[in-house]
Structures are given as structure tokens and as C-alpha cells.
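A short worksheet on the structure shown next.
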Amino acid sequence: METRKGGISLNKINVLDNGYVRLTNAMGSDLSVVNSARVSYDKESTELGEKDIRLIKFLAREGHTSPFRHATLQFEVYAPLMVARQHWKYIVGSDHTMDAWNESSRRYVTEEPTFYIPKADEWRRAPENSKQGSGEAVGEKLGQAYTRWLMEHIDNGLEAYDNAISDGICAEQARLFLPAYGMYVRYYWTASLQSVAHFLNQRLAHDSQVEIQEYAKAVYALAKPKFPVSMDELVKTEV
């Protein structure tokens, strides 16, 4: 059950139009990091003190990252496929992270598909000096045209998908008609504290894709209360 304060969920943050990030589980604390580092000397702290905080700062500063892999977080994420695939790219690119990833599959799931549809003022121009990323917002008239065009594209794909299902085509082939990149997928991501910080440092960067930045901000907001000292030291990108 989600803990709530003033009607606001403390472990779930809505992202974009239909997405969210939910913290489903967390193992350990800043103290876990400290005690993992001190086990070589057969020492253990029972409460986090100033000496322990200095140790965490030292570990992060000097790149001694193994103690940060003894704490883990588990998230449920509902995101457009384009975000999920970019997220996955930075998970598998991180060494020794002990990540786990399980995702819903439309081979089995035939629930109503949900799509990310940018509003008229959310379409962005290509950047002037780079082959990737985005620049300023396009004009409202052009944005409205592309929102309308995308909605028509999705409607056409949904009609073909529904017809295929109705005609008895198997779900794993009927899904070929669904416009994939904007379709929401649901997945569980379990990662070490070090891996979460690696993802955040990459995807909170100002030049990363805007949509995944929003998911990274949600991950940060959910992880920070669980590991306040470690997150401050590991995540160097301004939130």
C-alpha cells in the first residue's frame, strides 16, 4: 500500500501525460554503505554519524564504488517505448551494477494501448549544432498539425490492431500494427544504488532527451529520501 501525505503519494510520481515512476522497494540505507566499507576492518556503525558521512564522501570522491552496490532500489516505470529503450541502454552500459529488468509484453498483454502524444507546444526543433537532441519549441500552428497527424497515425494503427485481434490473429503478430515508439510499456527495474546514480548522472544532463530527463527527476526524487547522503555525493548533475 502506498504511503500518502496530504493526498499525495510518497512513492509514486506521475510523468508526462500518462506515465509514472513508482518506488516499490528499497533495501539498505546510507548506513549500509558505511558498514559495507568497514567490514574489512570488522567494524560496524549502528547510527549514521559525522564520521560515517565523511566516509561516504570519501568513497564517492575517490571512486570506491563497491560499497554503494550493497544497497538496492526497485522501481515500477510506465514510460513510452522510446524512453524505456534509452533507459535500458544506460543500464547495460554500467559495469557491475547487478541490475534486473522485467517488462510487460504485448505477446501476452492485450489491454488498451496507451500512447504518449506531445501537445502542440511540446514539439521541438532539431538542434542547430548537433545530429541528436532537440532545440527550441516549434510554433503553435506547426505543433498542432503534428499532434493531429500523430493522433491520426495512432488511430489507424489501433484500428488495424483491433481488426487483427477480432479476426483471430495472434497477439504477438497483431502488435506489429501498433505505432511502437510512443506506446507506453510497464517495467520493473531493480538496481544497485551505484547503478541508479550512474543513470541519473547520464539522464539528468541538460543535453539529454527531455522526456527521459523527466523520468530521471522522478527517480531522483524517490531515491533521495532513502539515501540522502549517498545521493548527494554520487549524483553530481544539478536537478
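The values are calculated or read from the model by the stated rules, or taken from the named source; none is laboratory data. Since we're looking at a predicted model, the values are computed, not measured. Cβ coordinates were reconstructed from backbone atoms using ideal geometry, including for glycine residues, and neighbour counts include every protein chain displayed.
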Handout entry: Single unsatisfied condition, residue 194 versus (1) surrounded by fewer than 17 Cβ atoms within 10 Å (Cβ to Cβ); (2) within 22 Å of residue 215 (Cα to Cα); (3) polar (S, T, N, Q)
Key = (1)
Completion exercise
Subset of the stretch 32-58, residues exposed (fewer than 14 other Cβ atoms within 10 Å of the Cβ), among the hydroxyl-bearing types (Ser, Thr, Tyr) and part of a helix (DSSP H, G or I), comes to 40, 41
Exercise for the section: Restrict the check to the stretch 197-204 and report whether at least one residue is touching a residue at least 60 places away in the same chain (Cβ under 8 Å) and in contact with a strand residue (DSSP E or B) (Cβ under 8 Å, 6 or more places away or on another chain). Expected result: yes
Completion exercise
Counting only residues that are hydrophobic (A, V, I, L, M, F, W, C), buried (at least 17 other Cβ atoms within 10 Å of the Cβ) and either more than 18 Å from residue 48 (Cβ to Cβ) or touching a Ser or Thr at 6+ places or on another chain (Cβ under 8 Å) (or both), the stretch 198-239 contains a total of 10
Exercise for the section: List the helices (runs of 4 or more DSSP H) that sit entirely inside the stretch 124-216 and contain at least 3 residues that are of a type in the set (A, V, I, L, M) and more than 30 Å from residue 231 (Cα to Cα). Expected result: 140-166
Fill in the blank from the handout: For the stretch 223-239, pairs from a residue that is more than 21 Å from residue 22 (Cα to Cα) to a residue that is in a loop (DSSP other than H, G, I, E, B) and not small (Gly, Ala, Ser), with Cβ under 7 Å and 6 or more apart or across chains, are 237/204
Practice task
Those residues that are surrounded by 13 or more Cβ atoms within 10 Å (Cβ to Cβ) and of a type in the set (S, T, N, Q), I need them from the stretch 113-156; list them, please.
Solution key: 114, 134, 144, 147
Problem - Residue pairs meeting the criteria (Cβ under 7 Å; at least 6 apart or on separate chains; first of a type in the set (Val, Ile, Thr), in the stretch 167-196; second in a strand (DSSP E or B)) - result: 185/79; 185/103; 190/72; 190/74; 190/100; 196/73
Practice task
Look through the stretch 59-113, keep the residues that are part of a helix (DSSP H, G or I) and polar (S, T, N, Q), and return whichever of them is modelled with the highest pLDDT.
Solution key: 66
